[in-house]
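One structure is given here, and the rest of the page talks about it.
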Amino acid sequence: MSLGPGPAKTVPLLTVRVARASNPRGTTAMWIRDRLESLWSNEDFADWYPRDGRPGLSPAQLATVCVLQYVLDLSDRQAAEAVRCRIDFKYALGLELDDPGFHHSVLSDFRDRLAEGDRADRLLDLALARLTAAGLVRERTTQRTDSTHVLAAVRDLTGSSWSPRLSARHSKNLPVVPRTS
C-alpha cells in the first residue's frame, strides 16, 4: 500500500455549509480543523509507505482521526463510525458528505506504523513545533497542576487509605495551551 491522497486544502463547500448550519457554535472536531488545518501533511509520512502500490488512506487524516479519538475518548469502532456519520468529523477531515469512511481496523494498522522506531516522537515533535508556531502552545512556561484526582485514582486502585505527605499542588515545566472561548 502506498501513500494515499492528502487531506483537502479546503473543506468542500457543501460540507462547510451543513456543518456550520448544524453546529453554529462549532465542535471540538471543527475547532481542530479551523485552527490546526496544517498540523500534518502526507509528506510528513512519506517514509512510512512505499512509493508504489495501491494508494491507501491519507495518513495525515488518520493522524487527525487519532487525535479526535483520543480527545473525545472514542473506541476504534466509534471513531470510524464518526468519520462515516458525523458531519463535524467530515468537516475536520475535509471530506465530502457522501464519503464512506473506512473500516475501524485501519486505525490499529496506522498505530502499528506509528509505533515503529521513533516515528511517534518525530510526529509529536513536528506537531508541537507547528502548534508553537501557531501560538497555541508556549514553550518553557510554568503551569500549576492539581494532582488530587490522580491521588484519588491511586487510592482507588490500591484499595487503601494511602495519603502522600507531599502537597497536592506541584509546579511542572509543561507547555501551556491557552484557553479559547
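The table for this structure:
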read-out	value
Residue in the stretch 159-181 that is in a helix (DSSP H, G or I) and either under 26 Å from residue 69 (Cα atoms) or at pLDDT below 60 (or both) present	no
Every residue from the stretch 59-79 that is aliphatic (A, V, I, L, M) and farther than 13 Å from residue 111 by Cβ	60, 68, 71, 72, 74
Qualifying residue in the stretch 60-73 (condition: surrounded by 18 or more Cβ atoms within 10 Å (Cβ to Cβ), in a loop (DSSP other than H, G, I, E, B) and out of contact with any His (no Cβ under 6 Å at 6 or more places or on another chain))	no
Residue list for the stretch 93-133, restricted to those being open to solvent by 40 Å² or more (accessible area, probe 1.4 Å), in a loop (DSSP other than H, G, I, E, B) and aliphatic (A, V, I, L, M)	97
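The values are calculated or read from the model by the stated rules, or taken from the named source; none is laboratory data. Everything numeric here is computed off the predicted structure, so don't read it as measured data. Every residue, glycine among them, receives a Cβ derived from its backbone with ideal geometry; neighbour counts consider all protein chains shown. With ligands, DNA and RNA removed, areas are computed over all heavy atoms of the protein, side chains included. Shrake-Rupley method; radii C 1.70, N 1.55, O 1.52, S 1.80 Å.
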